[in-house]
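Notes to accompany the following structure.
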Amino acid sequence: MTRHSPAGFDQLQPGPGWDALPLPALVLDSQGRVAAMNDAAEVWLNMSRNSTVGRTLDGDEMRARLRIQPSLSPLIGRVMKGDEALYQPQVCFEIGDRAGGHQDRHAAVHAGPAASIGGAVSLLLVPQDEGALQSQSRAVRTAARSAIGMAEMLAHEIKNPLAGIRGAAQLIGMNASPDDREMAEMIVSESRRIVSLLEQVERFGDTSAPNLQAINVHDVLEKVRRSATVGIARKIGIVAEYDPSLPDALADADQLTQVCLNLVRNAAEALKDTDRPVIRLRSFYDHTLRLPPDETDPTGRPLPLQIEIEDNGPGLPPAIADQVFEPFVSGRENGTGLGLALVSKIITDHGALIRVDSRPGRTVFRISLPKA
């Protein structure tokens, strides 16, 4: 079937194979108006070419049929100014008339220059269902709640009698034979290890709010870098890639330092058997990132300040990659599985977001923070 575009947009039409794309795709002209859309976009957005081409996605004429949150205008504007291809996750497309019934659909949006076909910006929509959209964020929040719930029970029920066991073992060892003394020392050593584990668990029971202030994230990262260079990562190259123009973040400096040290420690342990191990500490600004919308904030809280801690190790074990923020899930033989659960609790208490992207040769933990 032959498709016709409104006058003035014929020269912006993509080449053969455009309609065969399995994902919704659009081309915008230099004014931000829709210049072309493929068959998949017509079906997914439930809008025809004839009623869409020539109009802006967030214009008044479109609002009765399509509302997009967050707005794609900032993303499109950056691409038009010459940026490389950009990515906007967690975009909600409210399709249809609100009065007559509508449907919310979610997609990740990839935007890039479309100069090769005469347009300004091409948009590729990757549909996501609601569960996939927020699964990692929900996992982080659930992990924090689970850890808090079990903290006091474990600490009070185990820690106190354990002190008695350790004291008794120390007394027995004082007058024991060499073989028995070795066994007593083992009891004392293992008791101390369990106490250390319980002290980590106890931290989850602290429900006091973080001391949120305007902080320079680079001060935190430099403190972490210096500490790691002389300690846990002294044999590993640590590369700092900071954006010096970043504004202050709203965070608790001590808690954020604890989070970043924990992530660097995990990275250093993952790199033990890696040739030329490298940890990268990165900061940058991305105003497209927000918390997933909820009942209290339907647009999602902006989280434009980004911290990334990356290593070139073997990656997370596939079996636990989706549960690394859950308590007692660990990829290390002697790991407690509490480090990342504590990280998730702290970041959740900040009203911020942490995610992980891992594959062999590259694991990246990204922390997204609000501006002060």
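The values are calculated or read from the model by the stated rules, or taken from the named source; none is laboratory data. All figures in this text were calculated on a predicted structure; none of them were measured in a lab. Positions of Cβ are generated from backbone atoms using ideal geometry, with glycine treated the same way; all protein chains shown enter the neighbour counts. For the accessible areas, the whole protein counts, side chains as well, though only heavy atoms, and no ligand, DNA or RNA atoms are used. Shrake-Rupley method; radii C 1.70, N 1.55, O 1.52, S 1.80 Å.
Here is how the numbers come out for the structure above:
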| read-out | value |
| --- | --- |
| Selection from region 36-81 of residues that are over 31 Å from the mean Cα position of the chain (by Cα), among the acidic types (Asp, Glu) and open to solvent by 60 Å² or more (accessible area, probe 1.4 Å) | ASP60, GLU61 |
| Test: residue in region 135-150 that is at pLDDT 80 or above, surrounded by 12 or more Cβ atoms within 10 Å (Cβ to Cβ) and not charged (D, E, K, R) | no |
| Those strands (runs of 3 or more DSSP E) lying entirely in region 257-372 with at least 3 residues of a type in the set (D, E, K, R) and modelled with pLDDT of 85 or more | 305-311, 353-359 |
| Residues of region 221-254 that turn out to be assigned to a helix (DSSP H, G or I), of a type outside the set (Gly, Ala, Ser) and within 22 Å of TYR285 (Cβ to Cβ), as a count | 5 |
| Residue list for region 24-35, restricted to those being open to solvent by 10 Å² or more (accessible area, probe 1.4 Å) and assigned to a strand (DSSP E or B) | ARG33 |
| Long-range neighbours under 8 Å by Cβ, at least six apart or interchain, first residue aliphatic (A, V, I, L, M) and buried (at least 16 other Cβ atoms within 10 Å of the Cβ) within region 299-325, second at pLDDT 90 or above and in a loop (DSSP other than H, G, I, E, B) | LEU303/ALA352; LEU303/PRO370; LEU305/LEU246; LEU305/PRO247; LEU305/PRO370 |
| Condition met for GLN258 (closer than 25 Å to PRO317 by Cα and of a type in the set (S, T, N, Q)) | yes |
| Any pair with Cβ under 7 angstrom, 6 or more apart, that starts in region 357-372 at a residue that is under 14 Å from ILE309 (Cβ atoms) and ends at one that is among the small types (Gly, Ala, Ser) and buried (at least 22 other Cβ atoms within 10 Å of the Cβ) | THR363/GLY313; ILE367/ALA352; SER368/ALA352; LEU369/ALA249; LEU369/ALA251; LEU369/ALA352 |
| Close pairs (6 angstrom Cβ cut-off, 6 or more residues apart or separate chains): farther than 7 Å from VAL264 by Cβ in region 222-234, modelled with pLDDT under 90 and not basic (Lys, Arg) anywhere | none |
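Results for (1) of a type outside the set (Gly, Ala, Ser); (2) surrounded by fewer than 21 Cβ atoms within 10 Å (Cβ to Cβ), shown as yes or no for each residue.
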position	(1), (2)
ARG226	yes, yes
VAL230	yes, yes
GLU241	yes, yes
ALA249	no, no
ASP254	yes, yes
THR257	yes, yes
ASN262	yes, yes
ARG265	yes, yes
LEU281	yes, no
